[in-house]
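Colleague: Let me begin by handing over the structure; questions about it come next.
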Amino acid sequence: MLGTARQNAHITDRRRDIAVEVKIGVQHAPREIVLESGQSAEEVERVVADALAGKSPLLSLEDERGRKVVVPADRLAYVEIGAPTARKVGFGTL
């Protein structure tokens, strides 16, 4: 069991190293909402599609730090899902 827990932790840590940037435009709001999600682009797209199809009255996404962003589905102007990018480690880019 200990080996399995270590393997699962390793897979989870590897997934946290990949972030998807999501930009949400809200009607009648001057600024867009920008967050980096630990979910895959496909998962984010599915959640957005469900909200737009009326399956859920709210679009609810969670960022990498565990904060939730909740937007009424009928107020969505656009959702831009970026390509998965690896997190950069270090003090700056060279």
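The values are calculated or read from the model by the stated rules, or taken from the named source; none is laboratory data. Just so it is clear, the structure is predicted and the values come from calculations on it, not from any experiment. With ideal geometry, Cβ positions are generated from the backbone for all residues, glycine too; neighbour counts draw on all protein chains shown. Keep in mind that these areas ignore ligands, DNA and RNA; they rest on the heavy atoms of the full protein, side chains included. Shrake-Rupley method; radii C 1.70, N 1.55, O 1.52, S 1.80 Å.
Colleague: Using a probe of 1.4 angstrom, how much of the accessible area of region 16-84 is carbon and sulfur, in percent? Each step should come with its number before you reach the end.
Modeller: Values: 2200 of 4480 Å².
Its accessible area is 49 percent carbon and sulfur atoms.
Colleague: Solvent-accessible area per residue for region 16-84 at a 1.4 Å probe radius, Å²? Walk me through the numbers on the way to the answer.
Modeller: Details: 4480 Å² over 69 residues.
Ligands and nucleic acids excluded, the figure is 65 Å² per residue.
Colleague: From the square roots a ≥ b ≥ c of the eigenvalues of the alpha-carbon gyration tensor of region 16-84, which class results: rounded (a/c under 1.5), prolate (a/b over b/c), or oblate?
Modeller: Prolate shape, in that a/c is at least 1.5 and a/b is the bigger ratio.
Colleague: Just to verify a number: FRET efficiency for ALA83 and LEU52, C-beta to C-beta distance, R0 = 22 Å, to 0.05?
Modeller: The formula returns an efficiency of 0.55 here.
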